[in-house]
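Each remark here refers to the structure printed beneath this line.
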Amino acid sequence: MEGGAHEFDGSAFKECFSLSWRNPYVLRLAFSAGIGGLLFGYDTGVVSGALLYIRDDFGSVDRNTWLQEMIVSMAVAGAIIGAAIGGWTTDRFGRRTSILVADFLFFAGAVVMASATGPAQLVVGRVFVGLGVGMASMTSPLYISEASPARIRGALVSTNALLITGGQFLAYLINLAFTKAPGTWRWMLGVAALPAVVQFGLMLALPESPRWLYRKGRADEAETILRRIYSAEEVEREIEELKESVAAEVTERGSSEKVSLAALVRTATVRRALVAGVGLQVFQQLVGINTVMYYSPTIVQLAGFASNQTALALSLVTSGLNALGSIVSIYFIDRTGRKKLLVISLVGVILSLGVLTAVFHETTSHSPAVSAAETAHFDGSLTCPSYRSSSAGGGGFWDCTRCLKAAGSSECGFCASGAGELLPGACLVSNNTVRDACHGEGRLWYTRGCPSRYGWLALLGLALYIIFFSPGMGTVPWIVNSEIYPLRYRGVCGGAAATANWVSNLAVAQSFLSLTEAIGTSWTFLIFGGLSVAALAFVLVCVPETKGLPIEAVEKMLERRELRLRFWAPRRHADADADADTDGNGKESGKNAGV
């Protein structure tokens with residue numbers, strides 16, 4: 001069925017590479033459009049490292065958490081608008097044209113950010129990039145799907161997710177490469193202009209999607225393209241199927257235009273599908289994934305690693321594991337099943353968030369003490385004002401955590417002892433002069449987190465989080481949303497779910513640093529852990545197993561509102577026989593269809 005669920009198995013990948021070798025044109029189409037996914041991943045990942053150096057250059061950003069969150073989250077806000085605009089432009093002007101527009105937005109955003117003279121210009125650049133991300137997130141996989149041979153379409157489209165996570169990994173590599181270069185963050189953000197120019201040039205030389213051309217009545221052009229994609233014996237059959245598919249789509253579209261969103265919600269089957277689909281997309285963000293991807297270098301520093309370079313290098317681990325998880329998901333999704341993979345994923349996420357909560361609690365409650373002698377070692381004018389006034393008034397015990405949270409006429413930082421970072425150190429005013437004075441004596445300078453013997457456990461917690469999240473909650477919500485809706489409602493419902501994902505993404509990205517500042521990092525991760533428990537309960541109760549089922553069988557399950565907490569057990573014969581009526585696979589279909 002056109003637009004149905006795709007099978008991701010090993011044989012599909014073997015055939016994909018084999019066909020691409022025999023017909024390089026297919027690989028050229030997929031690779032050229034796939035650069036959009038790479039840009040999507042790069043621009044959402046690069047800001048995490050660039051933010052460390054932006055804070056160093058712009059004092060207003062360093063002092064205002066809301067500005068840091070705005071620089072990060074404005075790309076997500078732009079993506080919400082870009083996805084909506086992309087849905088209209090792809091239908092009105094074509095898939096290829098939309099990709100070209102996205103490339104222009106990526107390029108413009110990169111140039112604006114790289115030349116920024118202040119936070120306002122950075123925010124504007126992030127909005128441009130976000131518009132491109134929103135358009136690319138839906139247009140690139142659509143173009144690949146409609147310009148690929150049917151039997152390897154699933155394999156080619158699934159590589160778009162791999163390119164997104166690969167783009168995030170590349171972002172961390174680029175960040176690390178430019179840590180010593182003049183301009184640091186300007187290079188990190190500006191490099192994104194290069195692949196945008198490359199894709200723009202490649203797409204100019206490529207045709208429009210044959211499906212879109214057929215829909216616009218340009219059948220001759222579409223057939224010419226299909227003859228380059230398919231072998232001679234396959235092309236006639238594909239052209240005929242495409243004509244039938246487009247005719248059926250026009251019929252469905254004509255009837256769906258009369259259906260309002262309120263009418264959809266009143267329909268029990270669609271309402272239950274929307275609850276499952278939208279709920280999965282919202283919980284994907286609420287369990288905290290984008291705090292890890294957007295702020296992982298900051299989290300590493302909060303765990304006690306002072307160096308920007310060290311934080312970026314260690315963050316490579318999380319982005320690399322995220323890319324690896326995409327490959328793991330492709331292998332297991334049709335073997336294990338959607339629901340089981342979600343449950344395993346969420347159990348692991350809950351455990352890893354528990355580790356992070358415990359580690360950050362220990363880090364903040366057992367930080368090195370502030371020594372009056374170490375502080376007096378520096379010029380008295382450099383002493384943190386709050387510490388000076390507190391000491392004069394007998395203000396009690398001070399440690400690194402209290403120093404970093406001190407309120408006063410200036411922000412404060414902790415200069416570790418030269419004899420060892422876990423020993424008592426100095427509480428000083430936080431500025432570039434004091435930082436350089438601290439570094440000049442071979443000491444470590446801390447402003448975002450305190451030295452801790454548990455820092456490596458925080459890195460382990462982050463790694464476990466990604467290992468469990470990526471193969472399940474990272475990919476399954478998108479797959480379930482492609483399978484769970486009746487065909488005629490799939491565009492409307494899928495758009496609602498995608499919008500919910502981006503809105504939730506924005507809420508989490510905009511609030512993470514404020515939460516860590518207000519209630520502490522450990523409590524913030526504890527909140528994400530609680531939301532993950534709620535997500536697990538939601539998956540067990542509301543999400544059906546769609547593995548191996550046609551749309552009609554999914555509709556029947558939703559109509560019956562089946563609830564099976566023992567989702568790992570085979571279905572009974574009655575259910576198997578019901579499924580046999582829809583797909584002709586008898587008991588074998590039933591075994592794979594538990595809700």
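The values are calculated or read from the model by the stated rules, or taken from the named source; none is laboratory data. What you see is a predicted model, and the numbers here were worked out from it, not measured in a lab. Counting neighbours? That spans all protein chains shown, and the Cβs are built from the backbone with ideal geometry, glycine included. Areas reflect the complete protein model, heavy atoms only, side chains present, ligands, DNA and RNA absent. Shrake-Rupley method; radii C 1.70, N 1.55, O 1.52, S 1.80 Å.
For the range 427-460, the tally of residues that are buried (at least 24 other Cβ atoms within 10 Å of the Cβ) and over 29 Å from ASP379 (Cα atoms) stands at 1. Take ILE99 and decide whether it is over 30 Å from TYR53 (Cβ atoms), in contact with a Gly (Cβ under 9 Å, 6 or more places away or on another chain) and surrounded by fewer than 21 Cβ atoms within 10 Å (Cβ to Cβ). In short, no. Among the residues of the range 28-62, those that are open to solvent by 10 Å² or more (accessible area, probe 1.4 Å) and of a type in the set (Asp, Glu) comprise ASP56, ASP57, ASP62.
Within the bounds of the range 146-156, is there any residue that is in contact with a Pro (Cβ under 7 Å, 6 or more places away or on another chain), open to solvent by 20 Å² or more (accessible area, probe 1.4 Å), under 18 Å from ARG95 (Cα atoms) and not β-branched (Val, Ile, Thr)? Yes, there is a match, as at least one residue in the range 146-156 is in contact with a Pro (Cβ under 7 Å, 6 or more places away or on another chain), open to solvent by 20 Å² or more (accessible area, probe 1.4 Å), under 18 Å from ARG95 (Cα atoms) and not β-branched (Val, Ile, Thr). Of the listed requirements (1) surrounded by fewer than 17 Cβ atoms within 10 Å (Cβ to Cβ); (2) more than 20 Å from THR521 (Cα to Cα); (3) touching a residue at least 40 places away in the same chain (Cβ under 8 Å), ALA372 misses just one: (3). Being under 30 Å from ALA496 (Cα atoms), more than 23 Å from the chain's Cα centre (by Cα) and free of Cβ contacts under 8 Å to residues at least 60 places away in the same chain is a property that does not hold for ARG227. One residue stands out in the range 71-96 among those that are open to solvent by 20 Å² or more (accessible area, probe 1.4 Å) and among the basic types (Lys, Arg): the one that is nearest to the chain's Cα centre (by Cα), namely ARG96. The lone criterion from (1) touching an Asp or Glu at 6+ places or on another chain (Cβ under 8 Å); (2) open to solvent by less than 20 Å² (accessible area, probe 1.4 Å); (3) over 28 Å from SER326 (Cβ atoms) left unmet by GLY520 is number (1).
Being in contact with a Ser or Thr (Cβ under 8 Å, 6 or more places away or on another chain) and not aliphatic (A, V, I, L, M) is the requirement here; does GLU421 meet it? No.
State all residues of the range 178-210 that are assigned to a helix (DSSP H, G or I), over 24 Å from the mean Cα position of the chain (by Cα) and buried (at least 22 other Cβ atoms within 10 Å of the Cβ); if no residue qualifies, say none. Scanning the range 178-210 gives MET203, PRO210. For the range 127-142, a residue qualifies if it is polar (S, T, N, Q) and open to solvent by 10 Å² or more (accessible area, probe 1.4 Å), and exactly one does: SER137.
Can you tell me which of ALA416, ALA407 is surrounded by fewer than 19 Cβ atoms within 10 Å (Cβ to Cβ) and either closer than 22 Å to GLN309 by Cα or modelled with pLDDT under 90 (or both)? After ruling out the rest, the residue left standing is ALA407.
A quick yes/no check of all residues on (1) charged (D, E, K, R); (2) surrounded by 18 or more Cβ atoms within 10 Å (Cβ to Cβ); (3) modelled with pLDDT of 80 or more:
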residue	(1), (2), (3)
GLU238	yes, yes, no
SER245	no, no, no
GLU252	yes, no, no
SER256	no, no, no
THR267	no, no, no
ARG271	yes, no, yes
GLY279	no, yes, yes
VAL282	no, yes, yes
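Just name the residue that is modelled with the lowest pLDDT out of those in the range 309-338 that are more than 21 Å from LEU460 (Cβ to Cβ) and open to solvent by 20 Å² or more (accessible area, probe 1.4 Å). My answer is ASP334.
Pairs under 7 Å by beta carbon, first residue closer than 16 Å to PHE40 by Cβ and in contact (Cβ under 8 Å) with a residue 40 or more places away in the chain in the range 82-100, partner open to solvent by less than 30 Å² (accessible area, probe 1.4 Å) and charged (D, E, K, R), six or more apart or different chains? Taking only residues 6 or more apart or on different chains, the pairs are ARG95/GLU146; ARG95/GLU208. Residues in the range 515-549 that are part of a helix (DSSP H, G or I), in contact (Cβ under 8 Å) with a residue 60 or more places away in the chain and among the aliphatic types (A, V, I, L, M): LEU526, LEU531, VAL533, ALA534, ALA535, LEU536, VAL539, LEU540.
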